[in-house]
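The values are calculated or read from the model by the stated rules, or taken from the named source; none is laboratory data. This structure is a prediction, so every number in the text was calculated from the model and none was measured. Ideal geometry is used to build each Cβ from the backbone, glycine not excepted, and the neighbour counts take in all protein chains shown.
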Ligand code: HEM
């Protein structure tokens, strides 16, 4: 690792571009969740104010959805390889009791992401594609007219189920970001401490530091 990258004794994890990309997706996700829930049930209708009330929420929601998908595509391509599940991840997953109780010596060394993060990544990939495809099928007045009504109805169910799964996934993602102390700064400042990297992602730590202990 270069001296510049190690400035301040920290380990770089995300560039400024990656962080801007991530937070753009996160903000769009919040706006889409709020407006989507407003369409889903009257008890959530008040959330439409975030996009300027009901009519504006209805107009903007599909466009913001396409934008979120496009920004997510960059993340998907960038993190694809690092999220491939390896044999050591499966082994790590079998020893969750050791993970929770901090018994690191019992755990196999893992790379940049752990099994839970990787599984969540693939949930994000699948649900993003489902949301895009079903969203286009549902999109009146531009596209819905091209499909038979049963396809549009099926699209509505797929859209709601995919959104539900993604929202649950992101709740877990945000909880984990706060729960694992020292993770949040990876996406705010862009760096993590040596201790954090060594403790949570030893294989990745050795790769980026060129074998440092
Ligand atoms: C809204 C609040 C959110 C918070 C507080 C948050 C926090 C974080 C943090 C701290 C990391 C770094 C984890 C690490 O490097 O180990 C991260 C990574 C990541 N986040 Fe988020 N995030 C949020 C929303 C989202 C949303 C809405 C998405 C996508 C739908 C998303 C997708 C990702 C992805 C793909 C990564 C890369 C790690 C991986 O591949 O698992 N995040 N996030």
Just one of (1) modelled with pLDDT of 95 or more; (2) within 23 Å of residue 173 (Cβ to Cβ); (3) exposed (fewer than 15 other Cβ atoms within 10 Å of the Cβ) trips up residue 141, so point out which. (2)
For region 60-90, which residues satisfy the criterion of being more than 29 Å from residue 30 (Cβ to Cβ) and surrounded by 14 or more Cβ atoms within 10 Å (Cβ to Cβ)? 86, 88, 89
Based on this model, can you work out whether residue 13 counts as near the ligand (Cβ under 10 Å from one of its atoms) and over 14 Å from the mean Cα position of the chain (by Cα)? yes
Of 194, 200, which residue is more than 26 Å from residue 71 (Cα to Cα), in contact (Cβ under 8 Å) with a residue 40 or more places away in the chain and more than 12 Å from the ligand (Cβ to nearest atom)? 194
Okay, helices (runs of 4 or more DSSP H) sitting entirely in region 20-100 with 2 or more residues that are touching a residue at least 12 places away in the same chain (Cβ under 8 Å) and over 23 Å from residue 132 (Cα atoms), I get 87-94
Among residues of region 1-26 being more than 19 Å from residue 183 (Cα to Cα) and out of contact with any strand residue (DSSP E or B) (no Cβ under 9 Å at 6 or more places or on another chain), the residue modelled with the highest pLDDT is 2
Would it be correct to say that residue 182 is without any contact (Cβ under 8 Å) to a residue 40 or more places away in the chain and farther than 30 Å from residue 59 by Cα? yes
Which of the residues belonging to region 28-39 are exposed (fewer than 15 other Cβ atoms within 10 Å of the Cβ) and more than 8 Å from the ligand (Cβ to nearest atom)? none
